[in-house]
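Q: Got a structure for you, written out below as structure tokens; questions coming shortly.
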Amino acid sequence: MSKIINGKEVSAFVKEKVKTEISLLKSKGIDVSLAVILVGENPASKIYVANKKKACEELGITSLEYLLPEETTTEELLGLIDTLNNEKTVNGILCQLPLPKHIDEQTVINSINPKKDVDAFHPENVGRIMIGDFDFLPCTPAGIMEMLSYYNIGVEGKNCVVIGRSNIVGKPMSMLLLHKNGTVTTCHSKTKDLPNVTKTADILVSAVGKANFVTADMVKEGAVVIDVGMNRENGKLCGDVCFDEVEKLSSYITPVPGGVGPMTIAMLMKNTLTAAKKQNNIF
Ligand code: GUN
């Protein structure tokens, strides 16, 4: 039987520390603020953005919300980002992805001031992560590393298998595990005989986006299983992992909901705090 990795508990632990630092900054006259941009009506994005706003309020971060219509042009969006880049009172800028199809996502990401890029998606920040000299880490992989550390799950020398190679999760996840001296394999849709690879994992991270993708026959006995999936099945939120069958043989497992999700937001709050500290020359 697995031990459940409680993302709510770890997230509360991280947020409490951030909250303390935020109030310390406030006492020095520094107000921390995060601008969140949402373009269009994607229902999942709306929920994520609302949750980010709620977390900001909880922690004493000023949250500025920009809800733009679906037909917003790239130029209009770049114009708003330029204004926010130059606005001293704004410490962090986040543009919720995915963007509508007519807007080029990478152009938008590239336009965010790297010092305010609390997602760590800008090429400068991505490059700095590669060489291990970073201010910000992307929120989801950073949250997963935080959970592993909270539960004293070591990475060094472990076989780590990441399913998924997105810029947001899979690639940076592999890099962070590598930084901690894991032996890392990144799998994707062209990987041959996936179960054979995943069965070698001491730590298995699934970031596929398909319900019931990871089945018991793909998991080694005693493995740590991290489920990044946020899928809807018959209106119910579920991950990538067949929880009921996998939790019988894994040593640790993250549930969905209540696993990785809350950590993503906690790490966003932490990045926003870091941005504010850096911009005010507080180290
Ligand atoms: N869409 C899904 N996850 C994320 C995230 O972490 N940041 C942004 N900006 N958009 C997302």
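The values are calculated or read from the model by the stated rules, or taken from the named source; none is laboratory data. Fair warning: this is a prediction, and the values are worked out from it, not measured in the lab. Counting neighbours? That spans all protein chains shown, and the Cβs are built from the backbone with ideal geometry, glycine included. Each accessible area value is taken on the protein alone, full model and side chains, heavy atoms only, with ligands, DNA and RNA left out. Shrake-Rupley method; radii C 1.70, N 1.55, O 1.52, S 1.80 Å.
Q: With only Lys, Arg, Asp and Glu charged, each at its Cβ (+1 for the first two, -1 for the last two), find how big the charge dipole of the chain is about the Cα centre; round to the nearest 20 debye.
A: Once rounded to the nearest 20, the dipole reads 620 debye.
Q: Per residue of region 127-135, in order, report the coupling 6.51 cos²θ - 1.76 cosθ + 1.60 (Karplus, θ = phi - 60°) as ³J(HN,Hα) in whole Hz, putting x for Gly and Pro.
A: Whole-Hz 3J(HN,Hα) from phi for region 127-135: x, 5, 5, 4, 8, x, 10, 10, 9.
Q: Enumerate the calculated ³J(HN,Hα) couplings along region 78-90 in order (Karplus 6.51 cos²θ - 1.76 cosθ + 1.60, θ = phi - 60°), each rounded to whole Hz, writing x wherever the residue is Gly or Pro.
A: 5, x, 5, 4, 4, 4, 5, 4, 8, 8, 4, 6, 9
Q: Moving on. Compare the Cα positions of ALA35, GLY154, MET218 along the charge dipole of the chain (+1 at Cβ of Lys, Arg; -1 at Cβ of Asp, Glu; about the Cα centre) and return the one farthest towards the positive end.
A: Farthest towards the positive end: GLY154.
Q: Also: Computing the accessible area with a 1.4 Å probe over protein heavy atoms, can you report the carbon and sulfur percentage for region 228-283?
A: About 52 percent, which is the carbon plus sulfur part of the accessible surface.
Q: Same structure, new question: What residues have an amide H closer than 5 Å to that of VAL184, excluding those fewer than 5 places away on the same chain, when H is modeled at 1.01 Å from N in the peptide plane?
A: Result for VAL184 returns CYS160.
Q: How much of the accessible area of region 84-156, probe 1.4 Å, is carbon plus sulfur, in whole percent?
A: Exposed carbon and sulfur together represent 51 percent of the surface.
Q: Kindly identify region 1-76 as rounded, prolate or oblate by the Cα gyration tensor criterion: order the square roots of the eigenvalues as a ≥ b ≥ c, call it rounded if a/c is under 1.5, otherwise compare a/b with b/c, prolate if a/b is larger, else oblate.
A: Cα axes put region 1-76 in the oblate bin.
Q: Next question. For a protection proxy built on the mean count of beta-carbon atoms within 10 angstrom, sort 128-138, 185-195 highest first, please.
A: Highest mean packing first, the order is 128-138, 185-195.
Q: Just tell me which aspartates and glutamates come within less than 18 Å, Cα to Cα, of LYS88; anything on the same chain fewer than 8 places away is out.
A: In chain and number order, the partners are ASP31, GLU65, ASP117.
Q: Among 200-210, 227-237, how do they line up by average Cβ neighbours within 10 Å per residue, starting with the highest?
A: Top to bottom by mean Cβ count within 10 Å: 200-210, 227-237.
Q: I've got another one for you. Excluding ligands, DNA and RNA, what is the solvent-accessible area per residue of the chain at a probe of 1.4 Å, expressed in Å²?
A: Ligands and nucleic acids excluded, the result is 48 Å² per residue.
Q: List the pairs from LYS101/LYS277; LYS8/LYS101; LYS8/LYS270 whose alpha-carbon separation is above 26 Å, in the order I gave them.
A: Check vs 26 Å cut-off fails for LYS101/LYS277; LYS8/LYS101.
Q: What lysines sit close enough to LYS158 to cross-link, taking a C-alpha to C-alpha distance under 22 Å and skipping anything fewer than 8 places away on the same chain?
A: Those lysines meeting the cut-off are LYS3, LYS171, LYS180, LYS192, LYS199, LYS220, LYS248.
Q: Size of the dipole of region 85-199 about the Cα centre, Lys and Arg at +1 and Asp and Glu at -1 on the beta carbon, nothing else charged, in debye to 20?
A: Roughly 380 debye for region 85-199.
Q: Helix-only estimate, please: 222 nm mean residue ellipticity of the chain, summing -39500 (n - 2.57) across DSSP H runs of length 4 or more and dividing by its residues, to the nearest 500.
A: -12500 deg cm²/dmol
Q: For the chain, just say rounded, prolate or oblate: build the C-alpha gyration tensor, square-root its eigenvalues into a ≥ b ≥ c, call rounded for a/c under 1.5, and beyond that prolate if a/b exceeds b/c, oblate if not.
A: Since a/c reaches 1.5 and a/b is larger than b/c, the shape of the chain is classed as prolate.
Q: Would you please give the residues with an amide H less than 5 Å from that of VAL205, counting only those at least 5 places away or on a separate chain, with H modeled from the backbone geometry?
A: VAL161, VAL162, ILE163, ILE226
Q: Tabulate in residue order the Karplus-calculated ³J(HN,Hα) for region 174-189, using 6.51 cos²θ - 1.76 cosθ + 1.60 with θ = phi - 60°, rounded to whole Hz; enter x for Gly and Pro.
A: Calculated HN-Hα couplings, in order: 4, 5, 5, 5, 5, 4, 8, 6, x, 9, 10, 10, 9, 9, 7, 5 Hz.
Q: Okay, next question. Among LEU99, VAL49, THR73, pick out the residue whose Cα is farthest towards the positive end of the charge dipole of the chain, where Lys and Arg carry +1 and Asp and Glu carry -1 on C-beta, about the Cα centre.
A: VAL49
Q: Loop only by DSSP, 16 or fewer other Cβ within 10 Å of the Cβ. Give me the GluC sites (Glu not before Pro) in region 19-85 that pass, ordered by residue number.
A: GLU41, GLU70, GLU71
Q: Compute the length gained on full extension between ILE30 and ARG232: take 0.36 nm times their separation in residues and subtract their Cα-Cα distance, giving the result in nm to one decimal.
A: 68.7 nm
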